[in-house]
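Engineer: I have a structure here, written as structure tokens, and I will follow up with some questions on it.
FYI, it's all coordinate maths here, none of it is from the lab. What you are looking at is a predicted structure, and each value in this text was computed from that prediction instead of being measured. Heads up, the Cβs are rebuilt from the backbone with ideal geometry, glycines too, and the neighbour counts pull from every protein chain shown.
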Amino acid sequence: MPDKTAKTAAKATGSKATASKVAPKIAAVAPKHVAPKALAPKAVAPKAAAVVAPKAAVKPVAAAPKIEEPKKVVTQRQGFKANEFVVYPAHGVGQILAIEEQEIAGARLELFVINFMKDKMTLRVPTAKVANVGMRKLSEPALVKKALETLKGRARVKRTMWSRRAQEYEAKINSGDIVAIAEVVRDLYRSESQPEQSYSERQLYEAALDRLSREIAVVQHSTETEAVKEIESQLAKSPRRGAKTDATDATGDADEADVEADSDDTAVADEAA
């Protein structure tokens with residue numbers, strides 16, 4: 001019995017020894033089980049909300065008023081002065097109200113501001129263009145006297161087509177020449193004993209009479225009515241014209257009212273014959 005017990009004990013001891021020898025090998029072979037580390041979530045700091053400051057109401061900034069440089073007052077240019085009466089050929093007598101500067105198409109121009117009171121019109125003329133348009137000063141008293149003397153002369157009516165004569169009368173009226181205008185008044189004047197004027201003749205006569213009387217009135221410091229009376233009194237002194245302007249005097253000389261006939265009228269006369 002003791003032998004069996006010893007054998008059994010020896011077997012048990014041997015199995016423990018064997019177990020102790022095998023255990024480390026198994027441990028060496030078996031992978032170590034590593035418990036996963038708990039990953040603590042990173043504390044993410046909440047992003048601070050962007051604080052947007054409310055926009056302040058933008059007040060419109062008023063533009064600073066432009067400080068204009070004081071305009072230089074001009075009183076004289078090209079020999080003409082402000083407040084002076086002048087003759088503008090196409091419109092007659094007017095008064096210079098001012099000499100001013102204006103910007104036209106990007107260019108600075110100096111202008112005469114001329115008022116024609118009777119026509120209720122204001123005209124602006126570049127100071128550099130007065131010579132081109134024929135603007136002039138009022139006639140001297142001696143020249144006015146010559147124009148009045150012209151009215152007493154015999155009418156000189158050309159024997160040409162009326163349309164051609166009308167163009168010549170208009171050119172004289174718009175020339176600005178006071179003596180030439182007086183010639184138109186003299187040639188188109190009709191006394192009570194003479195045939196009446198046609199409408200177109202009357203229009204030209206009144207235009208010439210108006211231009212002449214205005215300038216005479218300003219030069220003589222009188223009214224236009226007084227100037228017209230003076231003109232008519234001079235016309236009344238002119239030799240009377242008969243019904244036929246082509247009559248000849250007893251001496252055989254041609255009447256001054258006749259001027260050499262135009263070739264067109266000669267052709268017309270031949271056709272009428």
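Engineer: What is the order of 81, 237, fewest Cβ neighbours within 10 Å to most?
Structural biologist: 237, 81
Engineer: Now for a different question. I need the calculated FRET efficiency for the pair residue 110 and residue 220, taking r as the beta carbon distance and R₀ as 25 Å, to the nearest 0.05.
Structural biologist: According to the calculation, E is roughly 0.20.
Engineer: For residue 97 and residue 232 in one chain, what is 0.36 nm times their gap in residues minus the Cα-Cα distance, to one decimal in nm?
Structural biologist: Between residue 97 and residue 232, full extension yields an extra 45.4 nm.
Engineer: Tell me, 150, 160 in order of fewest to most beta-carbon neighbours within 10 Å?
Structural biologist: By the 10 Å Cβ count, ascending: 160, 150.
Engineer: Next up: Counting other beta carbons within 10 Å of each Cβ, put 163, 139 in order, fewest first.
Structural biologist: Going from sparsest to densest Cβ surroundings: 163, 139.
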